[in-house]
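Following: one structure in structure tokens, then a few remarks.
The values are calculated or read from the model by the stated rules, or taken from the named source; none is laboratory data. Only a predicted model underlies this, so the values are computations on that prediction, with no experimental measurement involved. Positions of Cβ are backbone-derived with ideal geometry, glycine not excepted, and every protein chain shown enters the neighbour counts. Only protein heavy atoms, including side chains, enter the accessible area calculation; ligands, DNA and RNA are left aside. Shrake-Rupley method; radii C 1.70, N 1.55, O 1.52, S 1.80 Å.
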Amino acid sequence: NAGVMQNPRHLVRRRGQEARLRCSPMKGHSHVYWYRQLPEEGLKFMVYLQKENIIDESGMPKERFSAEFPKEGPSILRIQQVVRGDSAAYFCASSPTRPNTGELFFGEGSRLTVL
Amino acid sequence: AQSVTQLDSQVPVFEEAPVELRCNYSSSVSVYLFWYVQYPNQGLQLLLKYLSGSTLVKGINGFEAEFNKSQTSFHLRKPSVHISDTAEYFCAASMNSGGSNYKLTFGKGTLLTVNP
């Protein structure tokens, strides 16, 4: 009964280090989405990926952030040279197809703290 | 552009009391609407959704919401809350057109605290 699996659940990094967050979608789901939740804010869309393709990255910061969803393995959100403002909860969601109604299945999130 | 406003950032209530969490949306096109619940240090769980049809939507854990197009609202209600309902509740919307309905727009959340 595996839902969307994210790891690590908690990650602490010092300024300038790299953060890698992983997401395994639900079984049978090939569409993955990353959302970011800043403190006291709602979630905001970052990127939409299918296997080996970035479909929409309109919500990604222009620098330091990248995402991939390889043919094999989990989707990875990579943040280079982290800054304190990157501290947030990063949620991954998945769907079996491109959603017609916006219904997504969310993971438990990865909470990044930048010291 | 669409937006979602949750009017109350915190709602404290006593156990077994009724509760309403308010949500208003703004969109130039029709939308799909959702309520999610986030328990401490957990992910988002879908409570209920409005896609079309009946404006009164029933969800899990005894929650329901009513879609009101004229008032652009989608308020969440429960007639009698439990301690275990203490959590953050998020209202969200996606556009019913344009093929980008995976871009959910979330409100800032309402922290519901149920006291004994």
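Observations, loosely collected:
- Selection from region A:1-37 of residues that are assigned to a strand (DSSP E or B) and either free of Cβ contacts under 8 Å to residues at least 40 places away in the same chain or of a type in the set (Lys, Arg) (or both): A:13, A:20, A:22, A:36
- Breaking point among (1) closer than 15 Å to residue A:19 by Cα; (2) within 14 Å of chain B (Cβ to nearest Cβ); (3) aliphatic (A, V, I, L, M), for residue A:104: (1)
- Count of residues meeting criterion [open to solvent by less than 30 Å² (accessible area, probe 1.4 Å), more than 13 Å from every other protein chain (Cβ to nearest Cβ) and under 11 Å from the mean Cα position of the chain (by Cα)] in region A:4-24: 1
- Count of region A:78-106 residues which are within 14 Å of residue A:25 (Cβ to Cβ), assigned to a loop (DSSP other than H, G, I, E, B) and open to solvent by 50 Å² or more (accessible area, probe 1.4 Å): 3
- Failed condition for residue B:30, given (1) closer than 27 Å to residue A:94 by Cα; (2) touching a residue at least 40 places away in the same chain (Cβ under 8 Å); (3) buried (at least 20 other Cβ atoms within 10 Å of the Cβ): (3)
- Flag for residue B:10 being surrounded by 14 or more Cβ atoms within 10 Å (Cβ to Cβ) and closer than 15 Å to residue B:90 by Cβ: no
- Here residue A:65 meets each of (1) farther than 17 Å from residue A:43 by Cβ; (2) without any contact (Cβ under 8 Å) to a residue 60 or more places away in the chain; (3) more than 14 Å from chain B (Cβ to nearest Cβ) with one exception, condition (1).
- Close pairs (6 angstrom Cβ cut-off, 6 or more residues apart or separate chains): in a helix (DSSP H, G or I) in region B:65-94, hydrophobic (A, V, I, L, M, F, W, C) and surrounded by 12 or more Cβ atoms within 10 Å (Cβ to Cβ) anywhere: B:83/B:114; B:85/B:114
- Each residue in region B:14-27 was checked for being buried (at least 17 other Cβ atoms within 10 Å of the Cβ) and either polar (S, T, N, Q) or without any contact (Cβ under 8 Å) to a residue 40 or more places away in the chain (or both), and 2 pass.
- Residues being of a type in the set (Gly, Ala, Ser) and at the interface with another protein chain (Cβ under 10 Å from one of its Cβ atoms) - total across region A:25-54: 1
- Candidate set: region A:38-64, residues that are assigned to a strand (DSSP E or B) and open to solvent by 30 Å² or more (accessible area, probe 1.4 Å); chosen: the one nearest to residue B:41 (Cα to Cα): A:44
- The residues of region B:40-59 that are more than 10 Å from chain A (Cβ to nearest Cβ) and either in a loop (DSSP other than H, G, I, E, B) or open to solvent by 60 Å² or more (accessible area, probe 1.4 Å) (or both), listed by number, are B:40, B:53, B:54, B:55, B:56, B:58, B:59.
- Residues (under 14 Å from the mean Cα position of the chain (by Cα) and not aliphatic (A, V, I, L, M)) located in region B:82-116: B:85, B:88, B:89, B:90, B:91, B:94, B:105, B:106, B:107, B:108, B:109, B:110
- Within region B:80-101, the residues that satisfy the criterion of being within 21 Å of residue B:39 (Cβ to Cβ), away from chain A (no Cβ under 11 Å) and not hydroxyl-bearing (Ser, Thr, Tyr) are B:81, B:82, B:83, B:85, B:87.
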